[in-house]
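**Q** Can you read through this structure? Questions will come right after.
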Amino acid sequence: MNLDKERLQRLLGGPGTERLRRRLRERLGRGGADTLTLTRSTPQERAAVERLVGRPPRSGSSLRVSLAEIDATLARAGIAPGLRAALEALDGPIRDAAAEEEAEARRWRNVFDGVRDRAARLGLESWLDELAARGLLKRVARRDPANATVLLEQGLAVLEALPDPGLNRSTLAARCLGDAHGLDPGQPVAALVRRALHRHWRGGTGGERPDARTLWAHAGILVGGDITSTVLVHQLPVQGDAAGSRALRIQNQCGEPGYLTLRQLLRHPPRWDCTDREIFVCENPTVVAEAAERLGVDCAPLVSTGGRPGAAVWLLLEQLRAAGALLHYRADFDWAGVSIMNSVLARFEARPWRMDIATLERHAQDPGPSLDGRPVAASWDSRLAPALEARGTALHEERLLDELLADLARKQDDLRSLCDNQERP
């Protein structure tokens with residue numbers, strides 16, 4: 001059947017029915033229900049439907065159109081073979097949206113399938129699945145599958161080069177990407193690699209928003225000089241004759257605490273002598289200072305996070321756990337402290353150190369500052385947050401110094417007995 005373009009133009013053409021035609025084209029392109037509803041219809045649109053179907057539409061602002069009825073009417077009147085032919089004659093070919101979407105989905109599946117074997121060798125298939133599910137790769141690749149393939153292969157090249165303890169991030173980027181700034185914040189490959197390090201590469205780093213130094217240190221990579229990220233330690237046991245071990249051994253012999261930088265821990269790590277040794281971790285440097293002052297060389301191994309753990313703290317705890325240390329962790333009794341405890345216990349096998357209801361009750365009469373922020377549930381004890389909220393004030397570590405120092409003064413056998421009697425997470 002030929003098209004009667006003049007009649008078709010009178011019935012359905014013109015700017016007054018442009019929205020109606022566009023919606024009809026979209027429905028034909030996507031398939032689906034036969035009925036189209038056009039809200040807030042105009043007089044021109046209602047008149048066009050009346051001309052097409054030979055009767056006025058129902059009253060009201062919404063206009064319901066049957067595509068099958070229009071299709072049959074156009075063919076019966078000899079105006080066009082059907083609705084699709086009519087719309088294409090007026091405004092050009094109709095896209096097959098469903099077929100296009102399937103082709104696009106197939107192209108993206110090919111992007112991920114093409115590197116799945118490489119990712120599997122690194123234990124990073126879950127990383128690929130997350131990139132596909134959350135759309136990060138599509139966003140950084142500007143929705144271009146060809147660009148995505150390049151970025152994904154570059155990201156895998158970086159991850160295949162890890163770990164490389166003590167290497168600078170810019171040097172890593174130059175080696176793997178040919179661009180020393182290719183892994184800087186804001187670069188697309190950096191976004192992919194950071195996601196892998198955060199959640200998937202060798203267990204991830206834990207935490208919701210780890211800083212860049214923590215993420216890269218997880219893979220042994222330095223950001224800049226990395227001498228500003230530090231961790232305070234006292235009496236950590238070492239062995240061997242490496243430079244890091246010698247320096248720490250001198251401090252231990254003097255009974256003095258000291259700071260280790262992220263750079264030292266990556267480039268000249270001490271050889272830790274921690275197999276089955278109890279290592280205590282606190283939040284505040286004051287505890288370390290008092291332990292050094294009162295106990296000196298007789299103090300149990302002690303680490304201070306200095307608040308929320310930074311990159312150097314996370315790396316040291318990783319090294320100690322890898323060396324077989326038994327970690328005992330505590331923080332202030334406040335919402336920030338509970339949050340810090342949760343993040344540490346989520347990442348490491350550790351026991352809470354006097355972070356229990358009994359300790360809170362023993363110090364019920366001790367004053368403290370008001371609790372700031374929103375309540376945080378304690379992952380190791382569901383009763384702790386309600387008890388802390390009922391108390392209404394924080395209980396900082398400085399209030400517990402006598403108890404903490406008594407723990408740190410015990411011999412190793414006594415420490416094991418003490419810790420075995422405390423609740424585990």
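What follows draws every value from the coordinates through simple rules; no lab data is involved. The shown structure was predicted, so the numbers you read here are calculated from the model rather than taken from an experiment. Here the Cβ is made from the backbone with ideal geometry for all residues, glycine too, and neighbour counts use every protein chain on show.
**Q** Pull up the DSSP beta bridges for the chain and report the antiparallel fraction as a percent, rounded to 5.
**A** In the chain, DSSP labels about 55 percent of beta bridges as antiparallel.
**Q** Amide H neighbours of Val238 under 5 Å, at least 5 residues apart or on other chains, H built in the peptide plane: list them.
**A** Asp273
**Q** Apply the Karplus curve 6.51 cos²θ - 1.76 cosθ + 1.60, θ = phi - 60°, to the phi angles in the stretch 294-307 and return the couplings in whole Hz, x for Gly and Pro.
**A** Coupling constants for the stretch 294-307: 8, 10, x, 6, 8, 7, 5, x, 9, 10, 10, 7, x, x Hz.
**Q** Which whole-number percent gives the relative contact order of the stretch 99-221, counting Cα pairs below 8 Å spaced six or more residues apart?
**A** After rounding, I find 24 percent.
**Q** Just from its helices, what would the mean residue ellipticity at 222 nm be for the chain, if runs of 4 or more DSSP H residues each count -39500 (n - 2.57) and the sum is divided by every residue, rounded to the nearest 500 deg cm²/dmol?
**A** -15000 deg cm²/dmol
**Q** Would you compute the Debye intensity of the stretch 1-155 from its alpha-carbon atoms alone, equal scatterers and no solvent, and pass along log10 I(q)/I(0) at q = 0.10, 0.13, 0.18 Å⁻¹ to two decimals?
**A** -0.54, -0.69, -0.96
**Q** To the nearest 10 degrees, how steep is helix 67-76 against the longest Cα principal axis of the chain, on a 0 to 90 scale?
**A** Tilt relative to the chain: about 20 degrees.
**Q** Would you please put 301-314, 58-71, 352-365 in order of how densely packed they are, using the mean number of other Cβ atoms within 10 angstrom per residue and starting with the highest?
**A** 301-314, 352-365, 58-71
**Q** Still on this structure, please answer the following. Take the Cα gyration tensor of the stretch 99-242, multiply each eigenvalue by 5, square-root it, and list the three semi-axes largest first, rounded to whole angstrom.
**A** Each semi-axis is √(5λ); the values are 32, 15, 14 Å.
**Q** Residue by residue through the stretch 103-113, what is 3J(HN,Hα) from phi via Karplus (6.51 cos²θ - 1.76 cosθ + 1.60, θ = phi - 60°)? Round to whole Hz and write x for glycine and proline.
**A** 3J(HN,Hα) across the stretch 103-113, in whole Hz: 5, 5, 4, 5, 4, 6, 4, 5, 4, 6, 5.
**Q** Over every pair of different alpha-carbon atoms in the stretch 83-128, take the mean of 1/r and invert it; report that Kirkwood radius in Å.
**A** 13.4 Å
**Q** Hey, another quick one. For the stretch 218-358, give the share of DSSP beta bridges that are antiparallel, in percent and rounded to the nearest 5; count only bridges with both residues there.
**A** About 45 percent, rounded to the nearest 5.
**Q** Specify the angular offset, from 0 to 90 degrees and rounded to the nearest 10, of the alpha carbon long axis of helix 43-53 from the longest principal axis of the alpha carbons in the chain.
**A** Around 60 degrees separate the two axes.
**Q** For the stretch 230-420, compute Rh as the Kirkwood radius over C-alpha pairs and then the Stokes-Einstein diffusion coefficient at 20 °C and 1.002 mPa s; write the answer in µm²/s, rounded to an integer.
**A** Translational D for this selection: 127 µm²/s.
**Q** In the chain, if the dipole is taken from +1 on Lys/Arg beta carbons and -1 on Asp/Glu beta carbons about the Cα centre, which of Trp127, Gly204, Val303 is farthest to the positive end?
**A** Checking the options against the dipole of the chain, the answer is Trp127.
**Q** Along the charge dipole of the stretch 230-420, which of Ala350, Leu317, Tyr329 sits closest to the positive end, that is, farthest toward it, with unit charges on the beta carbon of Lys, Arg, Asp and Glu (+1, +1, -1, -1)?
**A** Highest projection toward the positive end goes to Leu317.
**Q** On to the next question. Ordered by residue, what ³J(HN,Hα) values in Hz, to whole numbers, does the stretch 11-27 give under the Karplus form 6.51 cos²θ - 1.76 cosθ + 1.60, where θ = phi - 60° and Gly and Pro are x?
**A** Taking θ as phi minus 60°, the curve returns 6, 10, x, x, x, x, 10, 4, 5, 4, 5, 4, 5, 5, 5, 4, 5 Hz for the stretch 11-27.
**Q** Residue farthest toward the positive end of the dipole of the stretch 99-221, with Cβ of Lys/Arg at +1 and Asp/Glu at -1: which of Leu152, Leu137, Leu215?
**A** Leu215
**Q** While we're on this one: Mind checking the stretch 101-143 for GluC sites (Glu not before Pro) that DSSP puts in a loop (not H, G, I, E or B) and that have at most 15 other Cβ atoms within 10 Å?
**A** Loop-located and lightly packed - none at all.
**Q** Give, rounded to the nearest 20 debye, the magnitude of the charge dipole that the stretch 5-95 has about its Cα centre when Lys and Arg contribute +1 at Cβ and Asp and Glu contribute -1 at Cβ.
**A** 160 debye
**Q** Sticking with this one: What shape does the chain have by the C-alpha gyration tensor, where a ≥ b ≥ c are the square roots of the eigenvalues, rounded means a/c under 1.5, and otherwise prolate means a/b greater than b/c and oblate the rest?
**A** Prolate, since a/c reaches 1.5 and a/b exceeds b/c.
**Q** Extent of the stretch 5-95 along each principal axis, from alpha carbon coordinates, in Å, largest to smallest?
**A** So the extents along the principal axes, rounded to whole Å, are 31, 27, 23.
**Q** Taking the Cβ of Gly337 as the center, what net charge do the other residues with Cβ under 9 Å away carry, scoring Lys and Arg +1 and Asp and Glu -1?
**A** Summing Lys/Arg as +1 and Asp/Glu as -1 gives -3.
**Q** So, one more: With everything on Cα atoms, drop me the angle between helix 335-347 and the longest principal axis of the chain, reported from 0 to 90° to the nearest 10.
**A** Tilt of helix 335-347: around 90 degrees.
**Q** Any idea what the dipole of the stretch 230-420 comes to, in debye rounded to 20, about its Cα centre with Lys/Arg Cβ at +1 and Asp/Glu Cβ at -1?
**A** My answer is approximately 640 debye.
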